[in-house]
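One structure is given below, encoded as structure tokens.
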Amino acid sequence: MSKKIFSGVQPTGNLHLGNYLGAIKNFVELQNDKENQCIYCVVDLHSITVKQDAKILKRNIRETTATFIASGLNPENSIIFNQSTVSAHAEVAWILGCVSRMGWLSRMTQFKEKAGKDKEKASVGLYVYPVLMAADILLYDATHVPVGEDQKQHLELCRDIAQKFNNDFNAPNFLKVPEPLIQKQFSRIMSLKDGLKKMSKSDPSDLSRINLTDDKDLIINKIKKSKTDTLPMPGINDDLKKRPEVQNLLGIYSNLSNQSIDKVKDEFQGKNFSIFKDKLSELLVDKIDPIGKRIKDLLKDENYLDKILAKGSQKANNLATKKINEIKTLVGF
Ligand code: TYM
């Protein structure tokens, strides 16, 4: 069955291995199934929920676009655009905001994490951020949304919003209730320094993540310095619950080498960590370094990247305009 795919990535710089393995690698696989219609969005409106420097934001929008292309997305096969160029996103977010309940948003764990202790000082945008995310998805009648595990709750909210809109406006199945596409394994890549914390662009330590633009030496150094423990490498029957860092590194190896975790455990059982780390570095350099080089190359041609976004924006606008007009009619505008 053909799927309508929508997903987004924030242009906040430092896209990392978690973004790649949890989301972007999946975007490419979905695009390569010719049956699917794929829309991938650089969600710049989302990024300003925390303060951004205008010049850096502009660069980051291009860098995220370059990352999409360098990872294998093809603008001829997928619609690639940045959110702020399709005004229907913000308009629909307003309408859906009037359907959503405060109680639903108050339960969002990502807001609680990002707002920290001083919620009063968080932007209103950060609070209503998941409503904008719902607008992104529902505007295109997306049937499937590939994301990492951290976005699961936002997708459940999106489903609730769609159903409530359809009920409130007596329009059964008008907004399509989307399915999340979250991988069973590797949907949450963890920090290289703390196996209980998600790998994240906002972690103050650069050693906690592999950025997609890290060069060979940096990658090798970060893996060398990544946290492990004093026990030897585990075997198939060893439980890794108490060894989250080891589990994470094995998971990364397994994903990048397209082998099961058991196969990887079997290969390295009882060996010294340094042997495994050397192999993991080799694999990362092999897979990530070419992407990083391509991103840097693409960034030299801003015109090319801007053209991709402009073309994508035109296509996205055509789809979005039709849907928002229907939404406005239902609402009574
Ligand atoms: P963002 O920009 O934080 O992350 C982009 C994608 O990367 C995934 N991800 C991870 N996956 C595995 N392990 C990690 N450590 C890791 N870190 C990030 C995220 O789950 C995400 O899929 N709200 C979204 C962007 C968005 C969106 C949308 C997504 C806006 N509108 C509509 C889907 C549909 C976000 O902030 O992702």
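Pull up the cross-link candidates among the aspartates and glutamates for LYS114, meaning alpha carbon to alpha carbon under 13 Å and not fewer than 8 places away within one chain.
Counting by Cα, and skipping residues close in sequence, LYS114 has these aspartates and glutamates nearby: ASP150, ASP203.
When the dipole is taken about the Cα centre of segment 201-332, and only Lys, Arg (+1) and Asp, Glu (-1) are charged at their Cβ, what size is it in debye, to the nearest 20? Please list the in-between numbers first.
Numbers: 26 positive and 21 negative charges, 99 e Å.
For segment 201-332, the charge dipole is close to 480 debye.
Report P(r) for segment 8-96: all Cα-Cα distances, bin width 5 Å, range 0 to the bin holding the largest distance, values in whole percent.
Distribution as computed: 3, 14, 24, 23, 19, 13, 5, 1 percent.
Where q = 0.16 Å⁻¹, what log10 of I(q)/I(0) comes from the Debye formula for segment 176-333, counting one point per Cα?
-0.95
Just list whichever of LYS58/LYS307; LYS58/LYS322; LYS58/LYS293 have alpha carbons separated by over 18 Å in the model shown. Please report the intermediate quantities before stating the final value.
Working: LYS58/LYS307 14 Å; LYS58/LYS322 28 Å; LYS58/LYS293 20 Å.
Result: LYS58/LYS322; LYS58/LYS293 exceed 18 Å.
Please compute the Cα-Cα pair-distance distribution of segment 61-122 with 5 Å bins starting at 0, giving whole percents from short to long.
Answer for segment 61-122: a P(r) of 4, 13, 13, 13, 16, 18, 15, 8, 1 percent.
Please name which of GLY116, ALA70, VAL92 has its Cα lying farthest along the dipole of the chain towards the positive end, using unit charges on Cβ (Lys, Arg +1; Asp, Glu -1) and the Cα centre as origin.
GLY116
Quick one: putting +1 on the C-beta of Lys and Arg, -1 on the C-beta of Asp and Glu, what dipole do you get for the chain around its Cα centre, in Debye to the nearest 20? Walk me through the intermediate numbers first.
Numbers: 51 positive and 41 negative charges, 97 e Å.
Value, rounded to 20: 460 debye.
Would you order GLU76, GLU156 from fewest to most other beta-carbon atoms within 10 Å of each residue's own beta-carbon?
On the way: GLU76 6, GLU156 15.
Ordered by Cβ neighbours within 10 Å, fewest first: GLU76, GLU156.
Taking just the alpha carbons, could you work out the radius of gyration and Dmax for the chain, both in angstroms?
Values for the chain (Cα only, Rg and Dmax): 20.7, 68 Å.
Show me the three semi-axes of the equivalent ellipsoid for segment 206-297, from the C-alpha gyration tensor (sqrt of 5 times each eigenvalue), largest first, rounded to whole Å.
25, 14, 11
If you project the alpha carbons of segment 172-260 onto the principal axes, what extent comes out on each, in Å, largest first?
Its Cα atoms span 58, 35, 23 Å along the three principal axes.
What's the percent breakdown of Cα-Cα distances in segment 282-333 across 10 Å bins, shortest bin first?
Here the calculated profile for segment 282-333 is 21, 24, 22, 18, 12, 3.
Pull up the DSSP beta bridges for the chain and report the antiparallel fraction as a percent, rounded to 5.
On the way: 2 of 17 bridges.
Looking only at bridges with both residues in the chain, the antiparallel portion is about 10 percent.
No value in this document is a laboratory result; all are computed from the given coordinates. Since this is a predicted model, take the numbers as computed values, not measurements. Cβ: placed from backbone, ideal geometry, glycine included. Neighbour counts: every protein chain shown.
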